[in-house]
Amino acid sequence: MSRALLELKGVTRRFVAGEKDFIALNDINLTINAGELIAITGASGSGKSTLMNVLGCLDHAASGSYKVDGRETGTLTEDELAELRRDHFGFIFQRYHLLPHLAAIQNVEMPAIYAGTGKSMRVERAQKLLERLGLSGHLEHRPSQLSGGQQQRVSIARALMNGGEIILADEPTGALDSVSGKEVMNILLELNSAGHTVILVTHDEKVAAHAERIIEMRDGEIIADRVNTDRPISNEKTTERLPSKPTQGNRLMANIGLFQEAFVMAWVALISHRMRTLLTMLGIIIGITSVVSIVAIGEGAKRYVLKDIEAIGSNTIEVFPGSDFGDTKSMDIQTLALSDVTALSSQYYIDSATPNIGRNLLVRYRNIDVSATVSGVSPSYFQVRGTRMGSGVGFNKDDARRQAQVVVIDYNTRIRLFGPKADPLGQVILVGNLPCTVIGVTENKKNIFDTSKNLNIWMPYETASGRLLGQSYLDSITVRVKDGQPSKVVEDNVNKLLQKRHGTKDFFTYNLDSVMQTVQKTSQSLALLLSLIAVISLAVGGIGVMNIMLVSVTERTREIGIRMAVGARQSDIRQQFLVEAVMVCLIGGVIGIGLSFVIGYVFSLLVKEWQMVFSVGSIVTAFICSTLIGIVFGFVPARNAAQLDPIEALARD
Ligand code: ADP
Ligand code: MG
């Protein structure tokens with residue numbers, strides 16, 4: 001009937017202490033059978049805890065062989081050892097080692113989380129165990145709300161969660177008063193009766209007296225191993241059993257479940273340290289807020305500028321006499337002619353073209369004199385320039401043919417001559433010496449390139465040339481490129497055509513498209529600069545996250561030790577801390593995005609002309625960045641946490 005469950009052969013454990021090694025376990029040979037109740041006694045420092053840790057696969061033997069149920073443990077990986085702990089052992093510590101921020105039932109559930117047991121099954125079993133141990137009224141209590149005896153019972157329930165085939169209790173009654181100690185001891189005896197193998201370390205001879213077998217240690221060696229002949233209670237194995245060991249789901253489901261649990265655990269950890277979490281996030285929040293807002297401001301400003309450029313006609317090409325602006329000879333060049341306009345208009349790549357002659361002249365209405373730029377243009381001028389009428393109409397072909405004395409004035413002129421209230425339409429003004437009727441007023445469209453107080457008046461080219469200026473050559477030609485035609489190519493074609501017509505290049509062209517390209521290029525390099533600042537600020541935020549996560553790992557070393565003792569693998573611990581880091585960064589990112597929307601709203605209240613533009617791209621990028629920062633800067637802390645030695649971690653205060 002007796003099956004050798006745990007077998008130690010020549011097990012030695014050394015600790016490095018200064019110059020020479022300290023031998024905590026010296027050549028231990030021990031066989032423990034299934035179903036035994038064993039007490040280990042001995043003076044403090046004799047190696048009892050070290051032996052328990054080796055038995056529970058929390059610690060490695062330096063030499064010798066240790067078999068669990070016939071399986072040699074020396075060759076197992078850390079994760080395999082963790083699985084062994086998880087599935088076969090239940091630890092009960094003198095100081096209970098419950099996680100303070102979790103309720104009793106959550107503490108009990110923990111081993112099953114790492115075993116991949118489903119939520120409902122877990123809760124049910126944890127509840128049953130706690131009820132069975134007389135804690136039905138305390139499921140939701142935190143450890144700090146429980147007495148020592150109650151806490152120890154919670155930790156027993158935790159040890160039983162995954163079955164607890166072998167219970168390792170290191171001085172389980174050491175911190176308890178005698179009544180609670182007796183209770184706990186009775187539970188252990190009952191468990192043993194129910195078939196659990198129980199190994200307990202104790203100073204107390206009365207406690208040891210309950211055991212079937214007593215092992216005595218001194219200076220790392222077993223000095224006595226005897227069967228206890230005078231046990232106070234009979235050792236009939238009862239048939240009453242605890243809820244049977246939960247079945248485990250398949251590997252994949254278990255991993256998915258673990259991942260979900262990692263989120264829940266991370267969330268619990270974060271909200272139980274709210275202030276610190278918030279401070280950790282601050283760097284990320286500031287980083288993401290500034291990135292998203294700056295990008296939105298940049299995009300808004302760019303669109304505003306480009307819209308203005310488009311309004312004055314990015315797809316227009318101007319033709320001037322001479323070799324460039326400021327060319328002194330251009331005054332004498334009189335070769336730009338109306339026939340050039342006609343020739344250009346008939347090209348397939350040109351939407352429309354207008355001649356332009358102009359002069360600064362005195363303009364008078366009643367007793368008001370102003371100086372204005374008077375231009376003679378074709379009826380298509382307003383279309384070419386994309387200018388709309390605020391009121392009235394532009395002139396038509398008929399007006400042009402008749403050399404009609406009609407003018408269109410701009411908003412500035414209207415204000416100067418007529419004031420804001422009077423209706424200028426139909427009024428006659430004196431342009432130079434020519435009386436003209438106002439038939440249209442252009443829209444008052446402010447744009448950043450036209451903030452001047454220039455006064456502009458337009459009349460048909462024929463009127464200006466024939467009746468007012470007596471000039472037959474043109475000052476310039478404005479061409480509107482047909483939509484969809486590349487303006488660079490069109491500009492080349494215009495150059496070729498005019499050069500052929502003139503026989504020489506006595507003109508030059510000017511295209512606003514190049515301005516647009518400059519703006520685009522400027523905004524691109526601006527974006528690059530901003531991205532650089534963004535990367536730096538996010539990196540600073542990330543370093544903040546890493547810093548606090550490192551502190552957190554140090555601070556929660558004991559928690560990590562406990563998790564490892566109940567069966568968390570290194571990968572589980574790593575995953576949990578990574579999830580925490582990513583969660584901090586993601587929440588920070590979301591808050592940052594939210595804040596930048598608030599900034600956008602405030603901005604829209606303060607600035608009327610243009611708006612911040614939030615693109616989906618920048619928000620998605622912000623999300624991705626937050627996640628990446630979490631992964632990159634959470635990596636080292638998570639790795640540190642996973643590589644902790646469970647023994648040392650548990651020993652930490
Ligand atoms: P006890 O019988 O009181 O439980 P332990 O097994 O805890 O004794 O310790 C046995 C000896 O090993 C002690 O002298 C202790 O100082 C030493 N020891 C235990 N753990 C370590 C460690 N991590 N590093 C160095 N020495 C240790
Ligand atoms: Mg000890």
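Of all residues in the stretch 102-126, those satisfying the criterion of being in a loop (DSSP other than H, G, I, E, B) and either in contact (Cβ under 8 Å) with a residue 60 or more places away in the chain or open to solvent by 20 Å² or more (accessible area, probe 1.4 Å) (or both) are Leu102, Gly116, Thr117, Gly118.
The condition of being open to solvent by 70 Å² or more (accessible area, probe 1.4 Å), assigned to a loop (DSSP other than H, G, I, E, B) and among the basic types (Lys, Arg) does not hold for Lys500.
Total residues in the stretch 524-534 satisfying the condition of being modelled with pLDDT under 80 and surrounded by fewer than 18 Cβ atoms within 10 Å (Cβ to Cβ): the figure is 3. Regarding Thr277, is this residue closer than 30 Å to Ser472 by Cα and surrounded by 16 or more Cβ atoms within 10 Å (Cβ to Cβ)? For Thr277, the condition - closer than 30 Å to Ser472 by Cα and surrounded by 16 or more Cβ atoms within 10 Å (Cβ to Cβ) - is not met.
When Asp398 is tested against the conditions (1) at pLDDT below 90; (2) open to solvent by 60 Å² or more (accessible area, probe 1.4 Å), the lone failure is (1).
Yes or no: Gly56 more than 16 Å from ligand 1 (Cβ to nearest atom), surrounded by 22 or more Cβ atoms within 10 Å (Cβ to Cβ) and under 16 Å from Ala568 (Cα atoms)? Against the criterion (more than 16 Å from ligand 1 (Cβ to nearest atom), surrounded by 22 or more Cβ atoms within 10 Å (Cβ to Cβ) and under 16 Å from Ala568 (Cα atoms)), Gly56 does not qualify. Pull up the stretch 555-575, narrow it to residues that are modelled with pLDDT under 90 and not acidic (Asp, Glu), then point me to the one that is most open to solvent (accessible area, probe 1.4 Å). Ranking the candidates gives Arg556 first. Against the list (1) within 16 Å of ligand 1 (Cβ to nearest atom); (2) part of a loop (DSSP other than H, G, I, E, B); (3) in contact with a strand residue (DSSP E or B) (Cβ under 7 Å, 6 or more places away or on another chain), the condition Gly74 fails is (1). Taken over the stretch 25-51, the residue count meeting the criterion of being over 53 Å from the mean Cα position of the chain (by Cα), away from ligand 1 (no atom under 12 Å from the Cβ) and open to solvent by 10 Å² or more (accessible area, probe 1.4 Å) is 5. Among the residues of the stretch 190-234, those identified as closer than 20 Å to Thr12 by Cβ, open to solvent by 40 Å² or more (accessible area, probe 1.4 Å) and more than 58 Å from the chain's Cα centre (by Cα) are Ile223, Asp225. Filter the stretch 604-653 down to the residues that are modelled with pLDDT under 90, closer than 25 Å to Thr557 by Cα and open to solvent by 50 Å² or more (accessible area, probe 1.4 Å) and list them by number. Those that are modelled with pLDDT under 90, closer than 25 Å to Thr557 by Cα and open to solvent by 50 Å² or more (accessible area, probe 1.4 Å): Glu648, Ala651, Arg652, Asp653.
Every test in (1) of a type outside the set (Val, Ile, Thr); (2) under 16 Å from Gly541 (Cβ atoms); (3) crowded, with 22+ Cβ neighbours inside 10 Å is passed by Leu595 save one, and that test is (3).
Taking the residues in the stretch 311-338 that are in a helix (DSSP H, G or I) and free of Cβ contacts under 8 Å to residues at least 12 places away in the same chain as candidates, determine which candidate is least open to solvent (accessible area, probe 1.4 Å). Per the criteria, the residue is Ser330.
Scanning the stretch 14-43 for residues that are within 16 Å of ligand 2 (Cβ to nearest atom) and without any contact (Cβ under 8 Å) to a residue 60 or more places away in the chain turns up Phe15, Phe22. Looking at Gly18, is it within 13 Å of ligand 1 (Cβ to nearest atom) and surrounded by fewer than 16 Cβ atoms within 10 Å (Cβ to Cβ)? Here the answer is yes, as Gly18 does meet what is asked.
Can you find a residue in the stretch 60-77 that is within 16 Å of ligand 2 (Cβ to nearest atom), under 26 Å from Arg3 (Cβ atoms) and under 50 Å from the mean Cα position of the chain (by Cα)? No, the stretch 60-77 contains no residue that is within 16 Å of ligand 2 (Cβ to nearest atom), under 26 Å from Arg3 (Cβ atoms) and under 50 Å from the mean Cα position of the chain (by Cα). When Ser378 is tested against (1) within 23 Å of Ser465 (Cα to Cα); (2) open to solvent by 30 Å² or more (accessible area, probe 1.4 Å), exactly one condition is not met: (2). Close contacts from the stretch 77-101, counting a first residue that is in contact (Cβ under 8 Å) with a residue 40 or more places away in the chain and in a helix (DSSP H, G or I) and a second that is more than 16 Å from ligand 2 (Cβ to nearest atom) and open to solvent by 30 Å² or more (accessible area, probe 1.4 Å), with Cβ to Cβ under 6 Å and a gap of 6+ residues or different chains, come to Glu78/Gln570; His88/Glu165.
From the list Leu5, Leu98, which residue is more than 16 Å from ligand 1 (Cβ to nearest atom) and farther than 30 Å from Leu146 by Cα? Every option except Leu5 fails the conditions.
The values are calculated or read from the model by the stated rules, or taken from the named source; none is laboratory data. It should be emphasised that the depicted structure is a prediction, and the values quoted were computed from it without experimental measurement. When we count neighbours, we look across all protein chains shown, and the Cβ atoms used for this are built from the backbone with ideal geometry, even at glycine. Surface accessibility is based on the protein's heavy atoms, side chains included, excluding ligands, DNA and RNA. Shrake-Rupley method; radii C 1.70, N 1.55, O 1.52, S 1.80 Å.
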